[in-house]
Amino acid sequence: MDTTAHVVIVGAGHAGGTAAGLLRQYGFDGRITLVGDEGELPYQRPPLSKAWLKAEVDVDALYLRPASFYEQNEIQLHLDEKAVRIDPRRRRLHLSGDKTLAYDSLILATGARARRLQMAHGDSEGIVYLRDMRHAAALKDRLAGARRMAVLGGGYVGLEVAATARQLGVDVLVIEREPRLLARVASAPVSDFVLGLHQREGVQFRFRASVSVLESRQGRLAALVLDDGERIACDLLLVGIGAVPNDELAREAGLDCEQGIVVDATSRTSHPHIYAIGDVTRRRASENELAPRIESVSNALDQARQVASAMAGRTVPAAETPWFWSDQYATKLQSVGLPRPTDTTIVRPSASGSGLAVLHLRDNVLRAAETVNSARDFLLARRAIASGCVVDPRALASEDAPLSALLS
């Protein structure tokens, strides 16, 4: 291995921080430089909508590794500098302040940013987003004095924050433009379960609704007006309407991008010396098809393992089936795989008796699964999907047969 090789990682989030650590773990002994613009060590983001808001963890508990890890492993940190341009031909990364880093291989782990609300008074005090630690700190401060909170968007992040806010005693209203919650990421049975869960905790909902007017008084949010004319007084609004991939560096450098950086099965971009990992990426499913952009910790870690393996001269592992989780109140939602509308869907009560399992078959092969309050069912389904398990749909629909026997 070339001990003079220099790997530069742009993005000091979960994906980038993990890739840096794995490079050393896998035996890469060249130079490693990690570039980030948040001024923070790489940290976990899932607790930001839950434990962090409830003050159950401090900042140190969020960090993937202590500062000493990077020093001991000779990983150079540039944590308060922005990457502004890539020169692929000369293999140069230009940073703010006219600094330049020469690289042999470049890893883009630039993530995604919150989609902004483009409306009059959209910058009013009391309108918040949740994508990074700074957002989470602002939301935490606002929640401490909030009386009524509105959440725009019924996705996972919005619902996790809604659950946390209710546990802190704040009144919550969720506004969703679709006819159900989690419409883009979960099946109808799971959506119905989650809706009932939140309603029992006192959360209110407006479906098929959107905000048409923001009312502000002296620069501070006072109320929302929905498209049907309903006026809703609130002093805090969390905007959770999706994310935009930070692929500008890649696009300007001429890399193949399509609402995210396009990568192959090994996370390599269209340039042979540049890889991309994490939320900013889209895998090429086939020559003419791109997979959806996946925002999950599991996908970020999976791609970090692939890239670190390639650079350390190890066998590159095949991509794992993506999986996801969400904690809301005492309920755990877990899913694996990407279902399609044409799949055969079977709903079963969970092994725990307090949830459910939704199984998605394609040509009698289990392709995806969603579970509520059943880690056992989730693990069974995950293993079965990885092995290409063929299942009899009629047997699977019968509650008499245990899932463990059917997915073996």
Screening Asn373, Asn288, Asn364, Asn299 for residues that are under 30 Å from Val244 (Cα atoms), among the polar types (S, T, N, Q) and more than 18 Å from the chain's Cα centre (by Cα) leaves only Asn288
Output for Cβ contacts, cut-off 6 Å, separation at least six or different chains, first residue within 29 Å of Leu238 (Cβ to Cβ) in region 100-121, second among the aromatic types (Phe, Trp, Tyr), reads Ala114/Tyr129
For Ala223, are the conditions met, namely being part of a helix (DSSP H, G or I), among the small types (Gly, Ala, Ser), surrounded by fewer than 21 Cβ atoms within 10 Å (Cβ to Cβ) and not assigned by TED's automatic domain parsing to the domain that holds His14?
no
Among the residues of region 244-292, count how many are touching a residue at least 60 places away in the same chain (Cβ under 8 Å) and of a type in the set (Lys, Arg).
0
Here are Gln218, Gln259: which of them is surrounded by fewer than 14 Cβ atoms within 10 Å (Cβ to Cβ) and within 25 Å of Asp132 (Cα to Cα)?
Gln259
At least 3 residues that are within 26 Å of Pro46 (Cα to Cα) in each: list the strands (runs of 3 or more DSSP E) lying fully within region 231-303 that qualify.
236-239, 243-245, 261-263, 281-286
For region 94-112, what are the residues that are over 19 Å from Val307 (Cα atoms) and either surrounded by 15 or more Cβ atoms within 10 Å (Cβ to Cβ) or in the same structural domain as Leu226 (by TED's automatic domain parsing) (or both)?
His94, Leu95, Leu101, Ala112
Within region 361-404, tally of residues that are charged (D, E, K, R), more than 19 Å from Arg340 (Cα to Cα) and buried (at least 22 other Cβ atoms within 10 Å of the Cβ):
1
Among Ala304, Ala250, which is assigned by TED's automatic domain parsing to the domain that holds Arg24, surrounded by 15 or more Cβ atoms within 10 Å (Cβ to Cβ), touching a Cys at 6+ places or on another chain (Cβ under 7 Å) and not basic (Lys, Arg)?
Ala250
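The values are calculated or read from the model by the stated rules, or taken from the named source; none is laboratory data. Keep in mind that what you see is a predicted model, and the values were worked out from it rather than measured. Here the Cβ is made from the backbone with ideal geometry for all residues, glycine too, and neighbour counts use every protein chain on show.
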